[in-house]
Amino acid sequence: MFRRTLLLGIALSLVAATSAVAQTIKLRIAYVPVVAAAPVFVLAGAGWAKNAGLDISLVKFDSGPPAINALASGTIDALAIGVAPIAVARAKGLDVKIVAASSTGGSAFVATPKLTEAFDGAGQDVAKAFAAFRAANGHPAKLATLPPGGVPTVALNHWLFKLNHVAREDVQIVAMGIDAVQQALLTGAVDGGTVLEPALTIVLQRDAKLKALVPITKMFKDIPGVVIAVSGAFAKANPEAVDKLVALSVKANDLIAREPEKAAAFAQPILGGGLIDTATLTKAMKSDAITYVTDPRLIEDATRQMLAYQVELGDFEKAPPTDGLFDPGPYRRISGK
């Protein structure tokens, strides 16, 4: 009897295991290596996705457009990137929808000592500070940021020219990659720049003379940092998987808020890649440059404003429409709101 019971138990376990394997859904997510995408790293690193039946593969991209191309080719199912490339791609016919926010903000403007001195002397008047820097140094302030279309770049232009009416001749904006911005500030090749977390925390730790003057959310109110989007094909074939992804994002954001050290430990192997320790990543997660949110409805207005401003910048001729871009259904179902 014992042997029969034992065999029956083993058989039932095998059936359950087989069923779990059969129900496991593969989900390939493209991401950019920034802390604003931390919820995706946490839900994968903590093993929650696996326990929920999601076999997640995270694929790193340096920027949004290549990730969009991967989604269009069918090699990627979901995205954890900035909102603008997704909006543009959808406007061009790509079947993709944003099902969750991940964060707002994600970066800050950092200044070298000479530029900080100009700001202090101008009483933090932005236009006067850049004018004073140019007068004192004989050249405009060289500012590093991402290529056109990047969220930090949009915010930098908005802060300089829309909010503070800085004279164009007082600044020189130089476009470069995420890592290059970090190195340019550390080597003194530029006078300031918009720096994404965790690079923001890293540069401030490595050079105490550098100073974060303003977080991106004060450069452009509530500007979306990273969003989570899924292809239409994946969402139609796996609606429950999408709901699980959003539910786990909520859980991850909650852990980041309550226990950032624990969240950082889950995310560090993915985001850190052995180059960033958990303590540094914890500090980056706690940065006042980032606010973690999941409800996609909270970033709709800011997204429309950002896309409209990008028309002024010349990023595109007409703002991509946001009608149908956001799908709050999964969040509503799992939150009851």
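Structure notes:
- Taking every residue in the stretch 54-69 that is among the acidic types (D, E) and pairing it with any residue that is assigned to a loop (DSSP other than H, G, I, E, B), at least 6 positions away or on another chain, the pairs with Cβ-Cβ distances below 8 Å are D55/T24; D62/V32; D62/P33; D62/G177.
- Single residue of K97, K114 found to be assigned by TED's automatic domain parsing to the domain that holds L255 and not polar (S, T, N, Q): K97
- Scanning the stretch 71-87 for residues that are buried (at least 17 other Cβ atoms within 10 Å of the Cβ) and aliphatic (A, V, I, L, M) turns up L71, I76, A78, L79, A80, I81, V83, A84, I86, A87.
- Residue within the stretch 309-332 that is of a type in the set (S, T, Y), within 23 Å of A252 (Cα to Cα) and in the same structural domain as I270 (by TED's automatic domain parsing) present: yes
- Just one of the listed residues (L163, L213) is closer than 17 Å to I290 by Cβ and in contact (Cβ under 8 Å) with a residue 24 or more places away in the chain, and it is L213.
- Taken together, the residues in the stretch 168-204 that are touching a strand residue (DSSP E or B) at 6+ places or on another chain (Cβ under 7 Å), polar (S, T, N, Q) and surrounded by 18 or more Cβ atoms within 10 Å (Cβ to Cβ) amount to 2.
- Count of residues meeting criterion [crowded, with 23+ Cβ neighbours inside 10 Å and among the small types (G, A, S)] in the stretch 156-167: 0
- Listed here are the helices (runs of 4 or more DSSP H) enclosed by the stretch 274-337 that have at least 3 residues being surrounded by fewer than 17 Cβ atoms within 10 Å (Cβ to Cβ): 300-313, 329-335.
- Residue satisfying condition, being in contact (Cβ under 8 Å) with a residue 24 or more places away in the chain, closer than 22 Å to T217 by Cα, of a type outside the set (A, V, I, L, M, F, W, C) and surrounded by fewer than 24 Cβ atoms within 10 Å (Cβ to Cβ), within set T145, T153: T153
- The selection criterion, being under 22 Å from T303 (Cα atoms) and without any contact (Cβ under 8 Å) to a residue 24 or more places away in the chain, does not hold for A135.
- Any hit, the stretch 132-141, residues being in contact with a Gly (Cβ under 9 Å, 6 or more places away or on another chain), among the small types (G, A, S) and either at positive phi or at pLDDT below 95 (or both): no
- Only one of D222, D207 that is surrounded by fewer than 22 Cβ atoms within 10 Å (Cβ to Cβ) and under 16 Å from the mean Cα position of the chain (by Cα): D222
The values are calculated or read from the model by the stated rules, or taken from the named source; none is laboratory data. No experiment lies behind these values; they were computed from the predicted model shown. Because the Cβ atoms are built from the backbone with ideal geometry, glycine has one as well, and the counts that use them run over all protein chains shown.
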